[in-house]
């Protein structure tokens, strides 16, 4: 195995000290602002829910807060970096994004990051590059007042090798995130990250308070022909959760999601003591995107009412 990044002086000791100090104060900053114990859970929307409209240029990323608020009555958003890929370091663009959200009273919760390299790459140099590629998104998330960036834990090799490599890259990025008061959270997103036991093991190996998970109700395809039990997976990931993704595809005549029992799943979420935001992420194709978001929101509201 390669040596851990920290042993290669990838992060200086002073940076690590700053990260530790930041972690110690995070409970009174970003995290406290987004987790409200008095509420069962609140509803947010992930930008991927309208990815077709965004890719087709029918709507603009800058208008996502307005769409969330005006079209869906939702005042908390989760961005996807694909829709402003070249804007991470564009201060004027981020300022405009901030202004539009703030004018509407919309909270900007997190940015979902893809396409910046494998944090668990088997090659140490590439792993380091992937960590560094994420720095700009940590800084952008800080500028937007987010509490987290969502990353992937992709790797290669044996079960143990992948756990080691993913934890190595995540720890380095998480230390950088802590120095900015940001969480680094991992979604079950294919490969071994869709194995709840494996990903929870990665969290234990990183062992930093600002490294956590974003359990997704639907992303449990480990590989072709191998699905991990979604209820078991979410149960395993909830102790580390700093956000939750309510994936939806199809609905029956009673408004229930046909792939996930939302009542069973949300009971798992709530029994874990979670009281943060649950983000709608509609991916179906039988309803149009806006109708799919509305159906998911109605279901979550019904769950919240009945479980309360």
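Readers should treat all values here as calculations from the given coordinates under stated rules, not as data from a laboratory. None of these values were measured; they are calculated from a predicted model.
Tabulated data
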item	result
Contour minus Cα-Cα distance for residue 223 and residue 263 (0.36 nm per residue)	11.7 nm
Linear extension gain, residue 160 paired with residue 205, 0.36 nm per residue minus alpha-carbon span	15.1 nm
Contour minus Cα-Cα distance for residue 114 and residue 52 (0.36 nm per residue)	20.6 nm
Kirkwood hydrodynamic radius (C-alpha pairs) into Stokes-Einstein, region 205-291, 37 °C and 0.692 mPa s, D in µm²/s	234
For the chain, built as a Gaussian network whose Cα springs stay under 10 Å, the top-fluctuating residue of 290, 164, 274	290
For region 62-129 versus region 259-308, the gap between their alpha-carbon centres in whole angstrom	22
Fraction of antiparallel bridges per DSSP, the chain only, in percent to nearest 5	10
Highest-MSF residue in the chain out of 258, 296, 235 [GNM, Cα springs under 10 Å]	258
Hull shadow area, averaged, region 5-307 [alpha-carbon convex hull, nm²]	15.2
Length-normalised contact order for the chain - Cα pairs under 8 Å, 6+ apart - percent	20
Candidates 264, 100, 230, ranked by Gaussian network fluctuation over the chain, Cα under 10 Å, top entry	264
